[in-house]
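The values are calculated or read from the model by the stated rules, or taken from the named source; none is laboratory data. Please read all numbers here as calculations on a predicted model, not as lab measurements. Please note: Cβ atoms are built from the backbone with ideal geometry, for glycine as well, and neighbour counts cover all protein chains shown.
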Amino acid sequence: MRYLLLFALVSLGSRAAAQAAIQPTNDLPNPYRTIQGWAKMPAGRTWGSTSAVGIDKNGTSIWVAERCGTNSCAGSSLDPILKFDSTGTLVKSFGAGLLLTPHGMFVDQDGNVWVTDCACTGTAAQREAASAAPGGPRGHQVFKFSPEGKLLLTLGKPGGGRDTAFFFQPNAVLIAPNGEIFVAEGHSSAAGANARILRFTKDGRLLKSWGTKGSAKGELDQPHALAMDSRGRLFVGDRSNNRIQIFDQDGTYLADWSQFSRPSGIFIKNDTIYVSDSESGGVSPPHGNWKRGIRIGSAKDGALWWLIPDPLENATNTSQAEGVAVDARGNIYGAEVGARTLRRYVKP
């Protein structure tokens with residue numbers, strides 16, 4: 001009943017009134033057990049920062065794109081895109097030399113692996129130098145790979161583009177059931193930063209884009225994650241506005257939800273929604289008294305059920321998962337930037 005009242009306030013009142021009404025949801029039960037070190041890296045290789053995680057077509061193997069042992073693949077000869085089987089054994093890797101900062105991932109119904117290269121880590125000078133590395137500019141693109149690692153499609157201008165060009169710091173990619181491609185763009189909250197959603201045909205032709213930087217309904221600030229429910233509604237993790245915004249596939253605003261806290265990652269499976277919050281509670285900018293963690297609930301009505309709290313709750317740096325994915329057995333995978341790891345959460 002408490003959550004139904006909150007949702008009524010969200011739909012009827014202003015966003016400010018809704019956020020004032022919704023108190024931090026930090027006391028939800030946690031039915032999950034944390035499995036650390038499940039994915040086994042090759043001898044001599046350590047995890048880099050990772051926010052890109054997806055589920056293979058078989059439902060049990062896990063795809064991850066990590067940043068080559070550090071927080072950037074610039075100058076590295078390592079394969080950043082990794083596939084682990086259901087036991088956590090590495091069975092495939094590819095992508096060396098193509099990406100600077102793998103950020104978002106989506107595995108489509110044919111098993112193809114899509115990865116965004118945000119090119120958004122390091123200082124501005126470091127990003128500029130990496131984008132203009134020998135061999136031509138790199139970064140700010142979206143790549144489609146076959147399950148075997150063959151590059152099938154590239155979207156975006158190498159080195160980035162703004163306004164009518166694309167992309168500049170693409171965060172997330174999603175493939176709709178009809179094959180159309182949605183990309184969330186804009187990792188910065190600085191003045192003049194991009195903050196929009198782009199929609200493409202399945203072969204990469206731009207159909208439309210929507211969204212401008214701001215905090216009003218339909219406006220965006222650091223759109224960090226994408227997911228789609230069974231009704232075809234597009235869920236956008238509007239991170240710097242501390243909310244999820246819901247649109248139809250033409251960009252019409254439908255609703256916004258603040259009860260899932262500050263969303264870095266979103267995954268929807270059978271209309272259960274999994275939202276990772278990696279920045280609340282001590283990470284700049286702080287988000288009130290909300291705890292970091294993975295909040296789980298209903299994509300149908302926004303009801304909250306469970307919270308997996310950040311195992312490094314007192315850290316002052318990003319620790320809990322940014323990327324989140326759920327396999328066919330209901331196991332949750334959290335890809336962590338700050339802690340540089342992949343955690344597995346198992347429901348007994």
Practice task
Would you mind finding the one in A65, A74 that is modelled with pLDDT of 95 or more and either in contact with a Pro (Cβ under 9 Å, 6 or more places away or on another chain) or more than 20 Å from N242 (Cβ to Cβ) (or both)?
Solution key: A65
Fill in the blank from the handout: Apart from one, (1) at pLDDT 95 or above; (2) farther than 24 Å from I266 by Cα; (3) of a type outside the set (V, I, T) all hold for G54; the odd one out is (2)
Problem - Residue count, region 212-239 (criterion: in contact with a Pro (Cβ under 7 Å, 6 or more places away or on another chain) and either surrounded by fewer than 16 Cβ atoms within 10 Å (Cβ to Cβ) or at positive phi (or both)) - result: 0
Handout entry: Residue selected from region 271-305 under the condition of a type in the set (K, R) and at pLDDT 95 or above, by the criterion surrounded by the fewest Cβ atoms within 10 Å (Cβ to Cβ)
Key = K300
Problem - Single condition D256 does not satisfy, out of (1) part of a loop (DSSP other than H, G, I, E, B); (2) among the acidic types (D, E); (3) surrounded by 15 or more Cβ atoms within 10 Å (Cβ to Cβ); (4) over 17 Å from the mean Cα position of the chain (by Cα) - result: (1)
Exercise for the section: Just need a number here: residues in region 148-185 that are closer than 19 Å to G136 by Cα and either surrounded by fewer than 18 Cβ atoms within 10 Å (Cβ to Cβ) or polar (S, T, N, Q) (or both). Expected result: 9
Completion exercise
Exactly one of G204, G251, G232 is in a loop (DSSP other than H, G, I, E, B), within 24 Å of V324 (Cβ to Cβ) and out of contact with any helix residue (DSSP H, G or I) (no Cβ under 7 Å at 6 or more places or on another chain), and that one is G232
Completion exercise
Considering region 32-69, residues that are among the basic types (K, R) and in a loop (DSSP other than H, G, I, E, B), and then whichever is surrounded by the most Cβ atoms within 10 Å (Cβ to Cβ), we arrive at R67
Exercise for the section: Among the residues of region 259-283, write down those that are in a loop (DSSP other than H, G, I, E, B), in contact (Cβ under 8 Å) with a residue 40 or more places away in the chain and either in contact with a Gly (Cβ under 9 Å, 6 or more places away or on another chain) or β-branched (V, I, T) (or both). Expected result: Q259, F260, S261, S264, S278
Exercise for the section: Would you tally the residues in region 70-88 being β-branched (V, I, T) and either surrounded by 18 or more Cβ atoms within 10 Å (Cβ to Cβ) or over 19 Å from I35 (Cα atoms) (or both)? Expected result: 2
Handout entry: Cβ pairs under 6 Å, 6+ apart, first in region 226-254 and without any contact (Cβ under 8 Å) to a residue 24 or more places away in the chain, second buried (at least 24 other Cβ atoms within 10 Å of the Cβ) and of a type outside the set (S, T, Y)
Key = I246/F235
Practice task
Filter region 260-271 down to residues that are out of contact with any strand residue (DSSP E or B) (no Cβ under 6 Å at 6 or more places or on another chain) and more than 17 Å from G54 (Cβ to Cβ), then give me how many there are.
Solution key: 1
Practice task
Could you grab me the full set of residues in region 211-224 that are more than 11 Å from Q245 (Cβ to Cβ) and in a strand (DSSP E or B)?
Solution key: K213, H224
